[in-house]
1. Could you tell me what fraction of 2.2 N^0.38 Å the Cα radius of gyration of the range 156-205 comes to, as a two-decimal ratio?
2. What accessible surface, in Å², does a 1.4 Å probe find on Leu249, ignoring ligands, DNA and RNA and rounding to the nearest 10?
3. Would you pull out the residues with amide H under 5 Å of Lys56's amide H, same chain only if 5 or more places away, H placed 1.01 Å from N?
4. Taking just the alpha carbons, could you work out the radius of gyration and Dmax for the range 118-210, both in angstroms?
5. Leaving ligands, DNA and RNA out of it, work out the accessible area of Asp111 with a 1.4 Å probe and give it in Å² to the nearest 10.
6. Would you mind getting me the FRET efficiency between Ala164 and Asn133? Use the beta-carbon distance for r and R0 = 35 Å, nearest 0.05.
7. Can you give me the solvent accessible area of His114 with a 1.4 Å probe, rounded to the nearest 10 Å²?
8. Tabulate in residue order the Karplus-calculated ³J(HN,Hα) for the range 144-155, using 6.51 cos²θ - 1.76 cosθ + 1.60 with θ = phi - 60°, rounded to whole Hz; enter x for Gly and Pro.
Amino acid sequence: MGNNLTIPTKTESDFHPRLLRPFRKIPWAALVGAMLIGAILGFTVSLFVPPVYEAKSVVTTNMELVPDTNITEIMVDAEIDMVGTLVYHPDIIQALIQSEKEQGNTLTLEDLKHNGGFERQLMSTIIKYRSTNPETAAHVASEWARVTYERLSSAYPYALAVSAAKAQLTEIESCLNDATKQSLPFCQSLTAESASALREEANQVITKNSSLTLGLTSALNVSQYQPAAIPSEPLWYHRGYLMLAGLALGFVFGVIWIEAQPSKVETDEG
């Protein structure tokens, strides 16, 4: 009875990547060449992609807290956060677009949403705008801060009136419901008729002016704005990213090309 010797044959599943073979058998020159070509292509593409600059202007607010009032620090802190959202108020956006149009720069709300933004830094609101032209970025950011400052400043007198009316309503209620304050001169001079008249007057002030306050109160004062400086350094520059992407793509294509080359298969016949 003889022994049958079975010689294994290669199948499609017997695939061994060339990059896992001994170092001397890998065509490194071709792989490095593909990576260099990819990097050069990335550099060439970057010549047609301009850098992006970001300019920042500042709107500064002052916060005033009066002890023993119904305005708390948390309320004012939330109000400062709200100042940032007001940079996209329709009145401010329309004034900014019109101002830029007069300067020959056409802007839209989508441009401002895509290229603009804001952030909170303590008592200040930072308004940012990005453009491929540093002068344009600085001009739009500065104009945006100016328009915001002027619109909030125009709303502040209405905020004062509403805050005073609300404070008066609170004081009237204290006179009627708080026994410890009924000895105050204002409370002693208050009658049912005068209390009703003062309530009606305060409510009229609140109803008339609330929509004009933009949500501001007397505790928050918009003090000034600072124009943006012309940025000297780009926010980001695509050249390095494109070269890196080209290098990676060159590596991928190099590996594919190496693995696609026909290999020399040695067969033994016996």
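The values are calculated or read from the model by the stated rules, or taken from the named source; none is laboratory data. Just so you know, these numbers come straight off a predicted model, no measurement behind them. In this analysis, Cβ positions are derived from the backbone assuming ideal geometry, glycine residues included, and neighbour counts consider all displayed protein chains. What goes into the accessible areas is simple: the full protein's heavy atoms, side chains included, and nothing from ligands, DNA or RNA. Shrake-Rupley method; radii C 1.70, N 1.55, O 1.52, S 1.80 Å.
1. Working: Rg = 11.4 Å, N = 50, 2.2 N^0.38 = 9.7 Å.
Scaled against compact globular proteins, the figure is 1.18.
2. 100 Å²
3. Ala229
4. In Å, with Rg to one decimal and Dmax whole: 22.0, 67.
5. Estimated to the nearest 10 Å², Asp111 gives 50 Å².
6. 0.15
7. The accessible area comes out at roughly 130 Å².
8. Result, rounded to whole Hz: 5, 5, 4, 5, 4, 4, 5, 5, 5, 5, 5, 7.
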